[in-house]
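Below is one structure, written out as C-alpha coordinates; the observations come after it.
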Amino acid sequence: MNNTKQAGPGGRYKQGDAVEEKQFDERTLHIDRVARVVKGGRRFRFRALVVVGDHKNKVGIGISKGADVTAAITKATEVAKKNLITVSIFKDTLPHEVEAKVGGAKILLKPASPGTGLIAGGVIRTILEVAGVGNVLSKSLGSSNKTNTAYATIEALTLLKPSKDWITTKNNAHQKLEKAKTVKKA
(Lines give C-alpha, C1' and ligand atoms only; values in the text may rest on other atoms or scores of the structure.)
Protein backbone atom coordinates (compact mmCIF):
# COMPACT_ATOMS: atom_id res chain seq x y z
CA MET A 1 0.00 0.00 0.00
CA ASN A 2 1.15 3.51 -0.71
CA ASN A 3 1.94 5.35 2.55
CA THR A 4 2.27 8.83 1.08
CA LYS A 5 -0.12 11.37 2.53
CA GLN A 6 -2.11 14.10 0.87
CA ALA A 7 -2.86 17.48 2.37
CA GLY A 8 -6.47 17.85 3.47
CA PRO A 9 -8.45 21.08 3.86
CA GLY A 10 -6.30 23.87 5.22
CA GLY A 11 -3.10 22.20 3.98
CA ARG A 12 -2.87 19.76 6.90
CA TYR A 13 -2.07 16.10 6.54
CA LYS A 14 -4.49 13.57 7.94
CA GLN A 15 -3.63 10.07 9.01
CA GLY A 16 -4.92 7.48 6.53
CA ASP A 17 -5.14 9.81 3.51
CA ALA A 18 -3.51 8.12 0.54
CA VAL A 19 -2.72 9.62 -2.84
CA GLU A 20 -4.92 8.02 -5.52
CA GLU A 21 -2.76 6.35 -8.15
CA LYS A 22 -3.81 7.22 -11.67
CA GLN A 23 -4.84 4.19 -13.66
CA PHE A 24 -4.97 6.08 -16.96
CA ASP A 25 -2.81 8.64 -18.72
CA GLU A 26 -5.08 11.63 -19.38
CA ARG A 27 -4.08 14.15 -22.04
CA THR A 28 -5.92 17.20 -23.27
CA LEU A 29 -5.87 17.37 -27.07
CA HIS A 30 -7.75 20.61 -27.65
CA ILE A 31 -9.62 23.36 -25.82
CA ASP A 32 -12.02 25.73 -27.58
CA ARG A 33 -13.95 28.75 -26.36
CA VAL A 34 -17.48 28.48 -27.71
CA ALA A 35 -20.30 31.02 -27.49
CA ARG A 36 -24.05 31.05 -27.67
CA VAL A 37 -25.80 34.28 -28.50
CA VAL A 38 -28.51 35.45 -26.12
CA LYS A 39 -30.51 38.67 -25.83
CA GLY A 40 -27.88 40.40 -23.68
CA GLY A 41 -24.87 39.35 -25.77
CA ARG A 42 -22.75 36.20 -25.83
CA ARG A 43 -22.40 33.48 -23.20
CA PHE A 44 -19.00 31.84 -23.33
CA ARG A 45 -18.21 28.25 -22.38
CA PHE A 46 -15.24 25.95 -22.95
CA ARG A 47 -15.13 22.71 -24.92
CA ALA A 48 -12.39 20.17 -24.17
CA LEU A 49 -11.22 17.18 -26.21
CA VAL A 50 -9.44 14.64 -23.98
CA VAL A 51 -7.83 11.24 -24.60
CA VAL A 52 -7.25 8.63 -21.87
CA GLY A 53 -5.27 5.41 -22.16
CA ASP A 54 -3.39 2.86 -20.08
CA HIS A 55 -0.35 2.37 -22.38
CA LYS A 56 -1.28 -1.34 -22.55
CA ASN A 57 -3.95 -1.34 -25.32
CA LYS A 58 -6.93 0.59 -23.97
CA VAL A 59 -7.76 4.08 -25.22
CA GLY A 60 -10.78 6.39 -25.33
CA ILE A 61 -11.63 9.95 -26.28
CA GLY A 62 -14.21 12.31 -24.85
CA ILE A 63 -15.48 15.76 -25.63
CA SER A 64 -17.48 17.94 -23.27
CA LYS A 65 -18.32 21.54 -22.42
CA GLY A 66 -18.10 23.38 -19.13
CA ALA A 67 -18.32 26.84 -17.60
CA ASP A 68 -14.55 26.91 -17.12
CA VAL A 69 -11.60 24.98 -18.55
CA THR A 70 -11.13 22.61 -15.59
CA ALA A 71 -14.83 21.67 -15.54
CA ALA A 72 -14.76 20.95 -19.27
CA ILE A 73 -11.61 18.80 -18.95
CA THR A 74 -13.02 16.87 -15.98
CA LYS A 75 -16.29 16.14 -17.79
CA ALA A 76 -14.48 15.17 -21.01
CA THR A 77 -12.20 12.81 -19.05
CA GLU A 78 -15.23 11.04 -17.57
CA VAL A 79 -16.75 10.68 -21.05
CA ALA A 80 -13.46 9.28 -22.38
CA LYS A 81 -13.26 6.69 -19.57
CA LYS A 82 -16.78 5.50 -20.44
CA ASN A 83 -15.85 5.09 -24.12
CA LEU A 84 -12.69 2.98 -23.82
CA ILE A 85 -11.82 0.58 -26.64
CA THR A 86 -9.27 -2.23 -26.76
CA VAL A 87 -6.64 -1.93 -29.49
CA SER A 88 -5.14 -5.02 -31.16
CA ILE A 89 -1.37 -4.67 -30.89
CA PHE A 90 0.96 -7.12 -32.67
CA LYS A 91 4.67 -7.00 -31.76
CA ASP A 92 4.51 -3.35 -30.56
CA THR A 93 2.83 -2.22 -33.79
CA LEU A 94 -0.51 -2.62 -35.54
CA PRO A 95 -1.48 -6.03 -36.96
CA HIS A 96 -2.30 -4.63 -40.42
CA GLU A 97 -2.88 -1.45 -42.43
CA VAL A 98 -6.15 0.34 -41.70
CA GLU A 99 -8.01 3.39 -42.98
CA ALA A 100 -10.98 5.31 -41.56
CA LYS A 101 -12.95 8.46 -42.39
CA VAL A 102 -15.06 10.64 -40.09
CA GLY A 103 -16.46 13.86 -41.49
CA GLY A 104 -13.76 15.32 -43.70
CA ALA A 105 -10.86 13.70 -41.82
CA LYS A 106 -9.37 10.57 -43.35
CA ILE A 107 -6.71 8.61 -41.43
CA LEU A 108 -4.29 5.97 -42.72
CA LEU A 109 -2.36 3.84 -40.19
CA LYS A 110 0.33 1.35 -41.27
CA PRO A 111 2.38 -1.08 -39.19
CA ALA A 112 6.10 -0.30 -38.96
CA SER A 113 9.21 -2.35 -38.23
CA PRO A 114 10.77 -2.27 -34.73
CA GLY A 115 12.78 0.88 -34.06
CA THR A 116 10.74 3.10 -36.38
CA GLY A 117 8.80 4.82 -33.61
CA LEU A 118 5.60 6.78 -34.02
CA ILE A 119 5.60 8.59 -37.33
CA ALA A 120 2.46 10.59 -36.65
CA GLY A 121 1.58 14.14 -35.83
CA GLY A 122 -0.61 15.96 -33.37
CA VAL A 123 -3.79 14.21 -32.33
CA ILE A 124 -2.97 10.86 -33.96
CA ARG A 125 0.41 10.67 -32.19
CA THR A 126 -1.08 11.39 -28.77
CA ILE A 127 -3.83 8.78 -29.19
CA LEU A 128 -1.36 6.11 -30.31
CA GLU A 129 1.04 6.97 -27.44
CA VAL A 130 -1.59 6.54 -24.72
CA ALA A 131 -2.83 3.35 -26.41
CA GLY A 132 0.66 1.86 -26.07
CA VAL A 133 1.50 1.45 -29.75
CA GLY A 134 5.24 1.83 -30.36
CA ASN A 135 5.90 1.65 -34.11
CA VAL A 136 3.42 3.08 -36.63
CA LEU A 137 3.42 5.07 -39.85
CA SER A 138 0.43 7.36 -40.32
CA LYS A 139 -0.99 9.88 -42.72
CA SER A 140 -3.79 12.35 -42.12
CA LEU A 141 -5.67 13.19 -45.30
CA GLY A 142 -8.42 15.73 -45.82
CA SER A 143 -9.59 17.91 -42.94
CA SER A 144 -7.27 18.89 -40.10
CA ASN A 145 -10.18 19.32 -37.66
CA LYS A 146 -8.86 17.88 -34.38
CA THR A 147 -12.18 16.43 -33.23
CA ASN A 148 -12.86 14.57 -36.49
CA THR A 149 -9.22 13.44 -36.69
CA ALA A 150 -9.46 12.01 -33.16
CA TYR A 151 -12.72 10.19 -33.91
CA ALA A 152 -11.30 8.87 -37.21
CA THR A 153 -8.21 7.54 -35.40
CA ILE A 154 -10.39 5.74 -32.83
CA GLU A 155 -12.54 4.36 -35.67
CA ALA A 156 -9.40 3.07 -37.43
CA LEU A 157 -8.20 1.40 -34.22
CA THR A 158 -11.57 -0.34 -33.77
CA LEU A 159 -11.33 -1.76 -37.32
CA LEU A 160 -8.11 -3.62 -36.47
CA LYS A 161 -8.40 -7.41 -36.40
CA PRO A 162 -6.10 -9.34 -34.01
CA SER A 163 -3.56 -11.71 -35.58
CA LYS A 164 -5.44 -14.80 -34.37
CA ASP A 165 -8.43 -13.80 -36.55
CA TRP A 166 -6.39 -13.51 -39.74
CA ILE A 167 -7.26 -15.88 -42.56
CA THR A 168 -4.05 -17.05 -44.18
CA THR A 169 -3.40 -19.45 -47.05
CA LYS A 170 -1.93 -21.91 -44.54
CA ASN A 171 -5.21 -21.87 -42.59
CA ASN A 172 -7.24 -22.21 -45.80
CA ALA A 173 -5.19 -25.22 -46.92
CA HIS A 174 -5.65 -26.80 -43.48
CA GLN A 175 -9.42 -26.22 -43.60
CA LYS A 176 -9.68 -27.72 -47.11
CA LEU A 177 -7.71 -30.77 -45.95
CA GLU A 178 -10.06 -31.23 -42.96
CA LYS A 179 -13.11 -30.93 -45.25
CA ALA A 180 -11.68 -33.51 -47.64
CA LYS A 181 -11.11 -35.95 -44.75
CA THR A 182 -14.70 -35.54 -43.46
CA VAL A 183 -16.13 -36.01 -46.99
CA LYS A 184 -14.13 -39.25 -47.52
CA LYS A 185 -15.37 -40.67 -44.18
CA ALA A 186 -19.02 -40.04 -45.12
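Taking region 134-164 as the region of interest, how many residues are touching a residue at least 24 places away in the same chain (Cβ under 8 Å), in a helix (DSSP H, G or I) and farther than 12 Å from VAL102 by Cα? Spell out how you get there, then give the answer.
Step one: filter region 134-164 for residues touching a residue at least 24 places away in the same chain (Cβ under 8 Å), giving 134-163.
Imposing the further condition that a residue be in a helix (DSSP H, G or I) reduces the set to 146-158, 163.
Adding the requirement that they be farther than 12 Å from VAL102 by Cα leaves 157-158, 163.
Residues flagged as touching a residue at least 24 places away in the same chain (Cβ under 8 Å), in a helix (DSSP H, G or I) and farther than 12 Å from VAL102 by Cα within region 134-164 amount to 3.
Which of the residues that make up region 102-128 are modelled with pLDDT of 90 or more and assigned to a helix (DSSP H, G or I)?
Within region 102-128, VAL123, ILE124, ARG125, THR126, ILE127, LEU128 qualify.
Assess whether THR158 counts as being at pLDDT 90 or above and crowded, with 16+ Cβ neighbours inside 10 Å.
Details: at pLDDT 90 or above: yes; crowded, with 16+ Cβ neighbours inside 10 Å: no.
The answer is no for THR158.
Residues that are surrounded by fewer than 13 Cβ atoms within 10 Å (Cβ to Cβ): list the strands (runs of 3 or more DSSP E) wholly contained in region 20-91 that include at least 1 such residues.
Numbers: elements: 25-38, 41-53, 58-66.
Passing ranges, in order: 25-38, 41-53.
The values are calculated or read from the model by the stated rules, or taken from the named source; none is laboratory data. Keep in mind the model is a prediction, meaning the values are calculated, not measured. Glycine also receives a Cβ, built like all others from the backbone with ideal geometry; neighbour counts cover every protein chain displayed.
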